[in-house]
Amino acid sequence: EDQVTQSPEALRLQEGESSSLNCSYTVSGLRGLFWYRQDPGKGPEFLFTLYSAGEEKEKERLKATLTKKESFLHITAPKPEDSATYLCAVPGNTGKLIFGQGTTLQVKP
Amino acid sequence: EPEVTQTPSHQVTQMGQEVILRCVPISNHLYFYWYRQILGQKVEFLVSFYNNEISEKSEIFDDQFSVERPDGSNFTLKIRSTKLEDSAMYFCASSGSLNTEAFFGQGTRLTVV
């Protein structure tokens, strides 16, 4: 059964303190891996798609990387507005997304 | 920028009542999904819909649930007889092709009392 596990569950950083979020996955065949950002009471907002090991994508202070077993979301010099829950997901056969529990990031000024 | 829109944003209903949650997916997308998120828990898949039929449904999606695409733009989720445990955020999503990124609506918060 396809599974996604994210760690840590919660992360508190000071503004400017860089860190990484982890997403480990077990799938029968990788069809891609997606990162989303979710603000409280809102729908997931798409960030990145990664399809193959070694691939990297960047957007502002965020960089996503992919290996054969896990993905990392690196946050460089975060700002308070980066505070959110970050979700990782992999697609199943019919395109349904299997989500991890998420990492809730709090960045303090 | 194209977006998925959902209505209503919040619905309160009595246990046993029927509710219909509405979604307008992105116009050129072909794959449609419903997910739900109980407070504090992960986003869970309910159903996927392609070519006017259900392509996959989860164990949660029992006989009380149904989906419809009544015209070229709307995609609806109906819960026939709501239960307290149906209280959750319901998200609609759409994607242009299989295994590409899905875009989510802002959700409908369903409260069953």
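From Cα pairs below 8 angstrom and at least 6 apart in sequence, can you work out the relative contact order of chain B, rounded to a whole percent?
39 percent
Given +1 on the Cβ of Lys and Arg, -1 on the Cβ of Asp and Glu, and no further charges, what dipole in debye does the protein assembly as shown carry about its Cα centre, rounded to the nearest 20? The partial results should precede the final answer.
Values: 22 positive and 28 negative charges, 39 e Å.
Dipole about the Cα centre, nearest 20: 180 debye.
State which stretch of chain A is the longest one without any exposed trypsin sites (Lys or Arg not before Pro), exposure meaning a DSSP loop state and at most 15 other Cβ atoms within 10 Å.
Longest run free of exposed loop sites: A:1-60.
Suppose we look only past 16 Å in the calculated P(r) of chain A. What percent of the Cα-Cα pairs does that tail hold?
Tail of the P(r) past 16 Å holds 55 percent of the pairs.
From Cα coordinates alone, what are the radius of gyration and Dmax values for region B:52-96 in angstrom?
Just the Cα atoms of region B:52-96 yield Rg and Dmax of 11.6, 34 Å.
Which of the listed residues, B:Asn99, A:Ala53, A:Ala64, is farthest toward the dipole's positive end in the protein assembly as shown, when Lys, Arg count +1 and Asp, Glu count -1 at the beta-carbon?
Farthest towards the positive pole: A:Ala64.
If contacts are Cα pairs under 8 angstrom and at least 6 residues apart, what is the relative contact order of chain A in percent? It would help to have the intermediate numbers written out before the result.
Values: 271 pairs, mean separation 39.8, N = 109.
Dividing the mean separation by the residue count of chain A yields 37 percent.
Please list, in chain and number order, the residues 5+ apart from B:Ser87 or on another chain whose amide H is under 5 Å from its amide H, with Hs placed from the backbone.
The list, which skips near neighbours in sequence, is B:Val112.
How large is ³J(HN,Hα), in whole Hz, for each residue of region B:53-64 in order, when computed from phi with the Karplus curve 6.51 cos²θ - 1.76 cosθ + 1.60 and θ = phi - 60°, using x for Gly and Pro?
Running phi through 6.51 cos²θ - 1.76 cosθ + 1.60 with θ = phi - 60° gives 8, 6, 9, 7, 9, 8, 5, 5, 7, 8, 5, 6 Hz.
Among the GluC sites (Glu not before Pro) in region A:50-109, which ones are in a DSSP loop with at most 11 other Cβ atoms within 10 Å of the Cβ? Mind listing them?
A:Glu60
Across region B:40-50, in residue order, what do the Karplus-derived ³J(HN,Hα) couplings come to in whole Hz, using 6.51 cos²θ - 1.76 cosθ + 1.60 with θ = phi - 60° and x for Gly and Pro?
Per residue, the Karplus-derived 3J(HN,Hα) values read x, 10, 6, 6, 10, 6, 10, 7, 10, 9, 8 Hz.
Can you give the average number of partner chain beta-carbon atoms within 10 Å of each beta-carbon in peptide A:31-38, as a whole number?
Numbers: counts 3, 4, 0, 4, 1, 5, 0, 5.
Averaged over the peptide's residues, the number is 3.
Bear in mind that the values in this text are calculations on the coordinates, not laboratory data. Given the structure is predicted, the values throughout are model-derived calculations rather than measurements. Note that we place each Cβ from the backbone using ideal geometry, even for glycine, and neighbour counts take in every protein chain shown.
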